[in-house]
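So the structure is just underneath, and the comments pick up after that.
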Amino acid sequence: MLRSGRTAKMADEGERKKIPLVPENLLKKRKAYQALKATQAKQALLAKKERKGKTFRFKRLESFLHESWRKQRDIVRVRRLDMKPHALEVPDKHTLAFVIRIERIVGVSLLVKKTIERLRLKKLFSGVFVKVTPENIRTLRIVEPYVTWGFPNLKSVRELILKRGQAKVQNKIIPLTDNTMIEEHLGKFDVICLEDLIHEIAFPGKNFQQISRFLCPFQLSVARHATKNRVGFLKEMGSPGYRGESINQLIRQLN
């Protein structure tokens, strides 16, 4: 009986030792922290509802004048392209171009907006590969004041796809790290791995349109001061428009 009583006491003492003791001041801190977090979450929810309710946005008269001027400039520029066919000639004997959007398109003409959407350049500092054809050259000339474009070499194509290559599969953006996924979606075009994909982009063939559409637009990285000091940043980048093989330097700068 004595042994069984001692064993029971030892078991009770062991169970008591297992229960961690928390200091009272720490419990108070935890309670205060939880209350603070709950208050912050409530305030954030209320602020979000207020932001949704405010739909009115004040615009200055200067912004309307600037937008009207940009629309008129686009109309005149496109009309000049129709009058001067030599402006639509292919600058060099290249088959691949890389286009980067570097300007905002607020207040531009409807034609420019639709062309930007067709090129899939919805975000600032995004880039896409384009096959060099007379039709695509005309498309690039229409949006030339808002994009910069040129002819990338094989090294630039490889670096862009390896570092920033992504594909949209079932409404999900997936990085290009799995050859099985590439073979599954592009196997019908004899593209079964990443190297085949790079080759098909760098040297465009008959299936270039479908293969390039498989890739998401490349979102390039810019310096933090780009939004604050836009004039200085664009001075470093260079002016919009055609820049030939100098596009490779810009790709290395933003990649």
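The values are calculated or read from the model by the stated rules, or taken from the named source; none is laboratory data. Remember, it's a predicted structure, so these values are computed and weren't measured experimentally. A quick note on method: Cβ atoms are made from the backbone with ideal geometry, for glycine too, and the neighbour counts reach across all protein chains shown. When the accessible area is computed, the model is the full protein with side chains, heavy atoms only, and any ligands, DNA or RNA have been set aside. Shrake-Rupley method; radii C 1.70, N 1.55, O 1.52, S 1.80 Å.
Here are the numbers for this structure:
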item	result
Net charge, GLU183 excluded, C-beta distance under 11 Å - Lys, Arg +1, Asp, Glu -1	-3
Sequence-separation-based contact order of the range 116-255, relative, with Cα cut under 8 Å and 6+ spacing, percent	39
Net lengthening on full extension, GLN219/VAL106 (0.36 nm per residue, minus Cα-Cα)	38.7 nm
Which of LYS31, LYS114, LYS59 is most accessible, then next, and so on - probe 1.4 Å	LYS31, LYS114, LYS59
Cα-projected label distance for ARG30 with ALA47, points at 7 Å along beta-carbon direction, nm	2.8
Sequence-separation-based contact order of the range 28-174, relative, with Cα cut under 8 Å and 6+ spacing, percent	24
Residues with amide H under 5 Å from that of TYR242, placed H, sequence gap 5 or more	TRP149
Above-threshold pairs, the threshold being 25 Å between Cα atoms, out of LYS71/LYS168; LYS122/LYS172; LYS37/LYS122; LYS113/LYS163	LYS71/LYS168; LYS37/LYS122; LYS113/LYS163
